[in-house]
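In what follows, a single structure is set out as structure tokens and then discussed.
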Amino acid sequence: MKTYKLKAWPDLPPAFRRMGHRRVLNQLSQRHVAEPELLRESGLPAQDLKLLLGHLSGHGLLDERDAPAEVRRGHDSTWARWIWPLQQWRTRRAG
């Protein structure tokens, strides 16, 4: 499973200017988020979310990462969501 984060705020076509799309962009602008969480928090249909992510990815506006093992197994605890970005930061600083 992948997680996504915005690299830059996009200029969206009219098809992607609904409130649900803006909720997704707000989440993506703050941290890496997986599709299930975006679906749950935005209220968008899965097809609309995939179209938006495809549009953003096609324009090079998304940073995509593989989700950590805890999230892939469905262990979506608050602790795992907070500690993973810190682990990624530490890995980048050490490398």
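Here is how the numbers come out for the structure above:
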read-out	value
Any chance Gly58 is at pLDDT 90 or above and crowded, with 16+ Cβ neighbours inside 10 Å	no
Filter result (surrounded by 15 or more Cβ atoms within 10 Å (Cβ to Cβ) and at pLDDT below 95) within the range 38-55	Leu38, Leu39, Ser42, Leu44
Lone qualifier among Arg31, Arg72 - being at pLDDT 90 or above and of a type in the set (Lys, Arg)	Arg31
Residue in the range 15-29 that is loosely packed, with under 14 Cβ neighbours inside 10 Å, touching a helix residue (DSSP H, G or I) at 6+ places or on another chain (Cβ under 7 Å) and either farther than 14 Å from Met1 by Cβ or not β-branched (Val, Ile, Thr) (or both) present	no
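The values are calculated or read from the model by the stated rules, or taken from the named source; none is laboratory data. The structure presented is a predicted model; accordingly, all values stated were derived computationally and were not measured. Counting neighbours? That spans all protein chains shown, and the Cβs are built from the backbone with ideal geometry, glycine included.
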